[in-house]
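The values are calculated or read from the model by the stated rules, or taken from the named source; none is laboratory data. Nothing here was measured: the structure is a model prediction, and the numbers come from that model. Reconstructed Cβ throughout: ideal geometry from the backbone, glycine too, with neighbour counts over all protein chains shown. These accessible areas exclude ligands, DNA and RNA; they are computed on the full protein's heavy atoms, side chains included. Shrake-Rupley method; radii C 1.70, N 1.55, O 1.52, S 1.80 Å.
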Amino acid sequence: NKVLAVDINEAACGLTTRTAAANGQRVDVVRGDLCGALRSSSVDALVFNPPYVPTDDEEVGGGGIEASWAGGLRGRRVLDRLLPHVARVLTAAGRFYVVCVAENDPASIVSYLRERGLTG
């Protein structure tokens, strides 16, 4: 099985590489933004842990640690950028897992994905 990790944060990419090595695992780590590095129908399991805490939009994408949690309005600024690409990158039997909280309106996330042919 091949594992690919994508993160926009260079420090997070380095930490992922070191953590995988320390645990005897091979993970290909790519510094990139969301699904830009992924081919269509190439992902069996997409696991996404976005910044999901509702915050002021000004905090989203900052250079400090707040970038890891600052999700902007409804905590969905980053997630809403990914959602349009999910159906494209998943294989026919692919699965999408996302970390979210009630403030992110999980029902609307499921509805959005269902409208694009995904089930869950």
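Below are the figures for this structure:
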| read-out | value |
| --- | --- |
| The stretch 40-92, residues that are under 14 Å from the mean Cα position of the chain (by Cα), under 22 Å from residue 28 (Cβ atoms) and hydroxyl-bearing (Ser, Thr, Tyr) | 68 |
| Pairs with Cβ under 8 Å, 6+ apart, first in the stretch 71-95 and charged (D, E, K, R), second open to solvent by less than 10 Å² (accessible area, probe 1.4 Å) | 74/104; 76/104; 77/71; 88/35 |
| Pick from the stretch 48-99, criterion in a loop (DSSP other than H, G, I, E, B) and open to solvent by 50 Å² or more (accessible area, probe 1.4 Å), ranking: modelled with the lowest pLDDT | 63 |
| Within the stretch 16-34, considering residues that are among the hydrophobic types (A, V, I, L, M, F, W, C) and either touching a residue at least 60 places away in the same chain (Cβ under 8 Å) or within 13 Å of residue 5 (Cβ to Cβ) (or both), the one most open to solvent (accessible area, probe 1.4 Å) | 21 |
